[in-house]
Amino acid sequence: MADSTDFLKWLERAEQDIKLIAVINKEGLSGFEDSFCYLCQQAAEKLLKAFIIKNENNVPRSHDLLYLLGICRKHDASILILENPLTVLNEYSVSARYPGDFDDKRTLDEANEAYSYITEIKNFIQPLLDK
């Protein structure tokens, strides 16, 4: 994907992920826990990048949610409240992506936690993007 400096495009993609997350959650997570957790991480990454782009007109080339959080905090230190949820979701970036890491299957509890975290992250970042 070519880099885009339109934060609204990143927000739109994050919202697509979040809608898909909601559909999967409603239909049932059983058997989809790994992919579901990965999708929650991806949505969080896009939300953080949207915030960064809105403030810096720059797309960081990183999937590390904590690195992205560090950039975000320069513009609004209150975003650090998301450190714990982002730390948890950050783990799902690699673990659900590469087959060698599939030995540790994500549980239903982890998927439910990921869902609550992406909801919390969206609810926190959305008003910052609306400013």
Arg106 long-range amide H proximity, modeled H, under 5 Å:
Asp34
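If the limit is 18 Å between Cα atoms, which of Lys19/Lys131; Lys46/Lys105; Lys19/Lys74; Lys74/Lys131; Lys19/Lys46 go over it? Let's see the in-between values first.
Details: Lys19/Lys131 23 Å; Lys46/Lys105 24 Å; Lys19/Lys74 29 Å; Lys74/Lys131 16 Å; Lys19/Lys46 14 Å.
Listed pairs above 18 Å: Lys19/Lys131; Lys46/Lys105; Lys19/Lys74.
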Would you please state which residues of region 47-75 a label at Thr5 would reach in this model, taking the label point 7 Å out along Cα→Cβ and a backbone N cut-off of under 13 Å?
53-60
May I ask you to evaluate 6.51 cos²θ - 1.76 cosθ + 1.60, the Karplus curve with θ = phi - 60°, for each residue of region 72-85 and list the ³J(HN,Hα) values in order in whole Hz, giving x for glycine and proline?
4, 5, 5, 9, 6, 5, 5, 5, 4, 4, 8, 4, 5, x
Tilt of helix 108-130 relative to the longest C-alpha principal axis of the chain, in degrees (0 to 90, nearest 10)?
10 degrees
Go ahead and run the numbers for FRET between Leu108 and Ser78, Cβ-Cβ distance against an R0 of 35 Å, rounding to 0.05.
0.65
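So what is the accessible area of the chain per residue, in Å², with the probe set to 1.4 Å? Walk me through the intermediate numbers first.
Working: 7170 Å² over 131 residues.
Counting only protein heavy atoms, the per-residue value for the chain is 55 Å².
Which value at 222 nm does the chain reach when only helices count, each DSSP H run of 4 or more adding -39,500 (n - 2.57), with the total divided by all residues and rounded to the nearest 500 deg cm²/dmol? Kindly include the intermediate steps, with their values, before the conclusion.
Numbers: 6 runs with 89 residues, N = 131.
Taken over the chain, the calculation gives -22000 deg cm²/dmol.
Using the Kirkwood formula over every pair of different C-alpha atoms, what hydrodynamic radius in Å results for the chain? Mind showing how you got there, number by number?
Values: mean 1/r = 0.0677 Å⁻¹.
Radius from the Kirkwood sum: 14.8 Å.
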Length-normalised contact order of the chain in % [C-alpha pairs under 8 Å, at least 6 apart]:
32 percent
May I ask you to order 110-120, 46-56, 14-24 by the average number of other C-beta atoms within 10 Å around their residues, highest value first?
46-56, 110-120, 14-24
Please get the size of the charge dipole for region 10-81, origin at its Cα centre, with Cβ charges of +1 on Lys and Arg and -1 on Asp and Glu, quoted in debye to the nearest 20.
280 debye
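The values are calculated or read from the model by the stated rules, or taken from the named source; none is laboratory data. Bear in mind the structure is a predicted one, so any value in this text is a computation, not a measurement. FYI the Cβ positions are ideal-geometry reconstructions off the backbone, even for glycines, and counts take in every protein chain you see. With ligands, DNA and RNA removed, areas are computed over all heavy atoms of the protein, side chains included. Shrake-Rupley method; radii C 1.70, N 1.55, O 1.52, S 1.80 Å.
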